[in-house]
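Report on one structure; see the data block that follows.
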Amino acid sequence: MSDEFKNLKKKLLTAKKNGYDRVSDADRGAMEEYCAGYMAFLNRCKTERLCAAEAIRMAEEKGYKPYARGRGVSPGDKLYVCNRGKSVTLFHIGKRPLSDGIMLAAAHIDSPRLDLKPTPLYEESELAFFKTHYYGGIRKYQWVTIPLELRGVVAMKDGRTIPVNIGAEPGDPKLVITDLLPHLGQEQAKKPLATAIPAETLNLLVGSRPVGDEDDKGRVKLAVMKLLNEKYGITEDDFNSAELEAVPASPACEIGLDRSMIGAYGHDDRVCAYAVFKALLDLSETPEKTAVCMLADKEEIGSEGVTGMRSAAFDAALEDLCAAQGVALRECREKSFCLSADVTAAFDPDYADVFDKRNAAFLNYGVGLCKYTGARGKSGASDADAETVAFARRVFDEAGVVWQIAELGKVDAGGGGTVAAYMAQRNITTLDAGVPVLSMHAPFETVAKLDCYQMYKGAAALYRAAFA
Ligand code: MN
Ligand code: MN
C-alpha cells in the first residue's frame, strides 16, 4: 500500500474502532467502578416505582429537593418533581435563564414484565396460580421456567398503599411459570414461537399446600390467600386495586470470562436511565443551561398514561419552573435539546440476517446514535434533522465519548419507537441515543460495560454543552 493511498484513506474514509482501542486505562478503571454502581442500582430497582424511589433517595443525598409550585428558583438549585411515584424529573438550574432552553436527557424506567390480572388468584387441580397479563413486547416463551419475584403495591380503600415484595430477599421463595416437558411437547414444538406459549398459560405457580379438611374445596387457594393476609393484611378483593409485577428474580451479574459485559433484567432502559441520572447527580458545577433528567414510565406500552411521556405532567413541571423565572414554556421548549436515551439493538452474529451490518450498533463501539427509530418507512420516528446529529457528533467528539451511529435492524425486519417522538412533538429538538443491547426485552439482557460507561460520559457532556 503506497503512503499516498494510506493517507488518502485515512483522510477520507471512516475508521471504525473498537472502544477498547480508544479508551484510556483511567477510563477503564472508572468504567468498572461505574458499572458496579449500576449493577447495585439494577438489583434495587426492578420496577418503575422502585426506580423512582431509589432515584429520589440518591438525588436527595446529593442535595436535590422536591420542587413546590410557586417557589422561586436560582442558578445552582437542585430540584426534582415526582409524578405519582412512577416517574421523576430532576433539574439542576443553570446560569442562563430558562428562556435559553434546557439540556434534557429522557430515559424510561419501566421494563417488559408480567403484571397480575385484577382477579389473579385461582386454584386448579389443587395447585394455586396467579393469572398474568404481559406488559410490553415480550417473547412469551422466554418467561417460563425461570425464577420470578413479585414486586409492586396494593392500594387499599382506606388510602394506604402497601408495598409487596415476594422473592427479593435472601431466603425468600420465588414464583415460576411451568412449561411442557419435551417428552410430551411434540405438538407444541411444531407451533411458531409467537403462538407456542399462549398468554393465558403465563400463570404463576404460587402454592400447593392445602388447608382445612380433605372434603373442603379450594383449599390451596385459601392457604395462599391466608399467607398474603398474614403478611400484608389484604383480602382477595384488594387485588382489584393492585399493581403487582412478576419480574425476573436473578440479580445482575458479570458476563464473559473477561467480565466485560453485564447480564441482567431491565437494561432496557435502566442502563440509559442510570447513565443520564448519574451524570446529572455528578454535575459538580452549575451548568450553563438548566440540565434536566426525565425518568419516564410507560414507554414499553407506547408512553401512554398519566405517568408516560405523552402526559402533560412533564410540561406542568417545566412550566412551573419557567413561571418562576417569568419565562413562557413555549420559549423554553423551542430552544431546548433532548437526548432520548434509550437502548438500541446490538448486532448479534447468531442472527446476522436481521441486521444491516453497515448500519448496525456493535457491542463495545460505544453510545449508539440513532437519527431515527420507527418501523417500515420511519413510521413513528422523530427523525432528527442533520444539524441535530452534527451537534451531537461535535459534543461527543470534543468530550472523547466513544460513539457509533446505527439503525435498529434491517428496514423490513421490524422496528420500534422511543419517547423521542413525544419530546419532538413538544417542539424540543430531540435525538435518540442509547446503549446497544443483546437479547433486548428478554428476562435477561446483555450489555457491554464499555458502552454503559460511554453512555454516562455522553450524558455528562451533553448537560454541559451549549445548544443554540
Ligand atoms: Mn426502551
Ligand atoms: Mn423496550
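Take every pair of alpha-carbon atoms less than 8 Å apart whose residues are at least six positions apart; their mean separation over the length of the range 113-248 yields a relative contact order of 39 percent. Each peptide in 260-269, 68-77, 133-142 gets a packing score, the mean of other Cβ atoms within 10 Å over its residues, and the list from highest to lowest is 260-269, 133-142, 68-77. Since only Leu222, Phe130, Ala196 are under comparison, the one whose Cα sits farthest along the positive direction of the charge dipole of the range 113-248, derived from C-beta charges on Lys, Arg, Asp and Glu, is Ala196. The residues of the chain have, on average, 46 Å² of accessible surface per residue, using a 1.4 Å probe with all protein chains present. Evaluated with a Cβ-only charge set (Lys, Arg +1; Asp, Glu -1), the chain carries a dipole of roughly 1180 debye about its Cα centre, given to the nearest 20.
Close amide H contacts of Ala242 (hydrogens built in the peptide plane, cut-off under 5 Å, sequence separation of 5 or more or a different chain): Ala155. With K and R counted +1 and D and E -1, the other residues having a Cβ less than 15 Å from that of Ala59 yield a net charge of +1. Relative protection proxy for 17-26, 286-295, from highest mean packing down: 286-295, 17-26 (other beta-carbon atoms within 10 angstrom). Residues whose amide H comes within less than 5 Å of that of Val88, counting only those at least five positions distant or on another chain, are Asn83, Leu295 (H built at 1.01 Å from N in the peptide plane).
Normalised by 2.2 N^0.38 Å, with N the number of residues, the alpha-carbon radius of gyration of the chain equals 1.04.
The residues Phe355, Phe5, Phe91, sorted by heavy-atom accessible surface at 1.4 Å with ligands and nucleic acids left out, run Phe5, Phe355, Phe91 from largest to smallest.
Within the straight-line cut-off of under 19 Å between alpha carbons, the lysines reachable from Lys191 are Lys140, sequence neighbours fewer than 8 places apart in one chain being disregarded. Going by Cβ distance under 4.7 Å, what cysteines of the chain have no possible disulfide partner? By the Cβ distance rule, which asks for a partner under 4.7 Å, the isolated cysteines are Cys35, Cys82, Cys253, Cys272, Cys293, Cys322, Cys332, Cys338, Cys370, Cys452. Accessible-area rank, largest first, for Met58, Met440, Met423: Met440, Met58, Met423, with all protein chains present and a 1.4 angstrom probe.
Tell me whether the range 381-427 comes out rounded, prolate or oblate; compute the Cα gyration tensor, take square roots of the eigenvalues as a ≥ b ≥ c, and use a/c under 1.5 as the rounded threshold. Here the range 381-427 falls in the oblate category.
Between the range 318-343 and the range 41-86, what is the C-alpha centre distance in whole Å? Cα centres, the range 318-343 to the range 41-86: 18 Å.
Per-residue ellipticity at 222 nm, computed for the chain from helices alone with -39500 (n - 2.57) per DSSP H run of at least four residues, works out to -8500 deg cm²/dmol. Legend: residues Trp403, Trp143, sorted from most to least accessible area (1.4 Å probe; ligands, DNA and RNA excluded), read Trp403, Trp143.
The figure for Ser250 is an accessible area of roughly 50 square angstrom, using a 1.4 Å probe on the protein chains alone. Residues whose amide H comes within less than 5 Å of that of Leu121, counting only those at least five positions distant or on another chain, are Lys131 (H built at 1.01 Å from N in the peptide plane). In the assembled protein chains, Thr195 presents an accessible area of approximately 80 Å² (probe radius 1.4 Å).
Among the listed pairs Lys65/Lys457; Lys11/Lys410; Lys378/Lys457; Lys16/Lys357, which are separated by more than 18 Å between their Cα atoms? Listed pairs above 18 Å: Lys65/Lys457; Lys11/Lys410; Lys378/Lys457.
Taking 7 Å steps out from each Cα toward its Cβ at Arg96 and Cys253 produces label points 4.8 nm apart. For Lys231, go through the lysines and keep the ones whose alpha-carbon is under 27 Å away, minus same-chain ones fewer than eight residues off. In chain and number order, the partners are Lys46, Lys86, Lys117, Lys131, Lys157, Lys174, Lys217, Lys221.
Could you tell me the center-to-center distance, by alpha carbons, between the range 382-410 and the range 92-108 in angstrom? A separation of 20 Å, based on Cα centres. Could you tell me whether the range 217-326 comes out rounded, prolate or oblate from its Cα gyration tensor? Rule is a ≥ b ≥ c as square roots of the eigenvalues, rounded for a/c under 1.5, then prolate if a/b exceeds b/c, otherwise oblate. The shape class here is oblate.
If a/c stays under 1.5 just call it rounded; otherwise compare a/b with b/c (prolate if a/b is bigger, oblate if not). Do that for the range 113-248, with a ≥ b ≥ c from the square roots of the Cα gyration tensor eigenvalues. Oblate. Note that the range 97-107 has calculated 3J(HN,Hα) couplings of x, 5, 5, 8, x, 10, 9, 10, 10, 10, 9 Hz, one per residue in order, obtained from phi through the Karplus relation 6.51 cos²θ - 1.76 cosθ + 1.60 (θ = phi - 60°); glycine and proline are x.
The values are calculated or read from the model by the stated rules, or taken from the named source; none is laboratory data. Predicted, not measured: the structure shown is a model, and the values here were computed from it. Glycine gets a Cβ as well: all are built from the backbone with ideal geometry, and neighbour counts include every protein chain shown. Protein only, heavy atoms only, side chains kept; ligands, DNA and RNA dropped before computing areas. Shrake-Rupley method; radii C 1.70, N 1.55, O 1.52, S 1.80 Å.
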